[in-house]
Amino acid sequence: MHRNDSRSLLIRLCLSVVGTSIIALGIVFFRLSSLGIDPSTAADIGISDTFHWYLGNYQLIFNLILFLTICIFDRSQFGIGTLINMSLPGYIVGYLTPILSRVIFHVLSKNSIPDITILFVCGMAIFSLGISLYTSVNLGVSPYDAVALLFEKKGGLVIE
């Protein structure tokens, strides 16, 4: 591997980690707004809470099962970024939610519609920035995202 190729890969890996971390921060803001989060994270939080598992542990195990299942049919969507996205968000969300809850609700009110709206809009901006960073480095998709891509690739339900 050429030196510039190694440097480029290292930069892309760093951007993938930063992007994934920013996605997780956006999810924390969504959670604190109580206005909703993406379906996968909502399911992960609900199931991990039901079984009293730490969110990061549950999300990693679920993603690993999903990853291995999808690998049977198609590995082309996966890369090193997949492993980053499989492992980091749950731990970051689990760690930052209680910390940021204390900090943010020291300043904002949980019952104020304008404050909740601010949290949601900030969450959307942060989450979108993270997604753009994560996807722009083209190092693979999350197992959750690969499900839809697999259906599309294999000619699943297509509405025209």
note = Rounded to the nearest Å, the spacing of the alpha-carbon centers of segment 1-65 and segment 81-160 is 7
ask   = Rounded to the nearest 500, what is the chain's calculated 222 nm mean residue ellipticity when only DSSP H runs of at least 4 contribute -39500 (n - 2.57) each, over all residues?
value = -27000 deg cm²/dmol
note = Using alpha-carbon positions, the gyration tensor of segment 6-99 gives root eigenvalues a ≥ b ≥ c; with a/c under 1.5 called rounded, otherwise prolate if a/b exceeds b/c, else oblate, the class is oblate
task = Please give the helix 39-50 orientation as an angle from the longest Cα principal axis of the chain, in degrees from 0 to 90, rounded to the nearest 10.
result = 70
query = Under the definition of Cα pairs under 8 Å and six or more residues apart, what whole-number percent is the relative contact order of the chain?
reply = 44
query = For the chain, modelled as a GNM with alpha-carbon contacts under 10 angstrom, which of Gly19, Gly56, Gly46 fluctuates the most?
reply = Gly46
task = Quick one: angle between helix 113-136 and the longest Cα principal axis of the chain, in degrees between 0 and 90, rounded to 10, please.
result = 20
ask   = Residue farthest toward the positive end of the dipole of segment 18-137, with Cβ of Lys/Arg at +1 and Asp/Glu at -1: which of Ile47, Gly79, Val28?
value = Val28
remark   = In whole angstrom, largest first, the equivalent ellipsoid semi-axes that the Cα gyration tensor gives for the chain are 29, 20, 16
query = What does the charge dipole of segment 24-160 about its Cα centre add up to, to the nearest 20 debye, if the Cβ of each Lys and Arg holds +1 and the Cβ of each Asp and Glu holds -1?
reply = 220
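Any read-out appearing in this document is the output of simple, stated calculations on the displayed coordinates, not a laboratory observation. Owing to the predicted nature of the structure, the values given are computational and were not obtained by experimental measurement. As a convention, Cβ positions derive from the backbone with ideal geometry for all residues, glycine included, and neighbour counts pool all protein chains shown.
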